[in-house]
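So the structure is just underneath, and the comments pick up after that.
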Amino acid sequence: MNKNTIWSFVHIVIFLILFLLMTSGISLGSFGRVMIIWMVLSPIFGFVHALKGGNWIKWVLMSLNIIAFIIILSLLLLGFGMGEA
């Protein structure tokens, strides 16, 4: 494993930790916006690092980052009114 695949894995783990914090209902006060922004940016950064990685794990990490980005994007769209339309 090279450093890019490790960084991509770190971004996935950060996303999962923040997602679990969000779904458990823990209030972070003013850090809520920062957490949401980081949850959007983390899969993007993870995808870029996975793209630079090597071997078969590159494709696994790329697909996990894409899935994480789609999940947070759909939750944001639901939160901002897509469900009401």
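Coordinate-derived values only; no laboratory data. Note that this is a predicted model, so its numbers are computed, not measured. For neighbour counting, all protein chains shown are included, and Cβ atoms are generated from backbone atoms with ideal geometry for every residue, glycine included.
Yes or no, residue by residue, for (1) out of contact with any helix residue (DSSP H, G or I) (no Cβ under 9 Å at 6 or more places or on another chain); (2) exposed (fewer than 14 other Cβ atoms within 10 Å of the Cβ); (3) not β-branched (Val, Ile, Thr):
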site: TRP7; (1), (2), (3): no, no, yes
site: VAL10; (1), (2), (3): no, no, no
site: PHE19; (1), (2), (3): no, no, yes
site: SER24; (1), (2), (3): yes, yes, yes
site: VAL34; (1), (2), (3): yes, yes, no
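Taking every residue in the range 14-29 that is under 14 Å from LEU75 (Cβ atoms) and pairing it with any residue that is of a type in the set (Ser, Thr, Tyr), at least 6 positions away or on another chain, the pairs with Cβ-Cβ distances below 7 Å are PHE15/SER42. Within the range 66-79, not a single residue is of a type outside the set (A, V, I, L, M, F, W, C), part of a helix (DSSP H, G or I) and surrounded by 13 or more Cβ atoms within 10 Å (Cβ to Cβ). Taking the condition among the hydrophobic types (A, V, I, L, M, F, W, C) and not in a helix (DSSP H, G or I), does ILE37 pass? No: the conditions fail for ILE37. Restricting the range 52-65 to residues that are surrounded by 12 or more Cβ atoms within 10 Å (Cβ to Cβ) and not aliphatic (A, V, I, L, M) leaves a set whose member that is farthest from LYS3 (Cα to Cα) is SER63.
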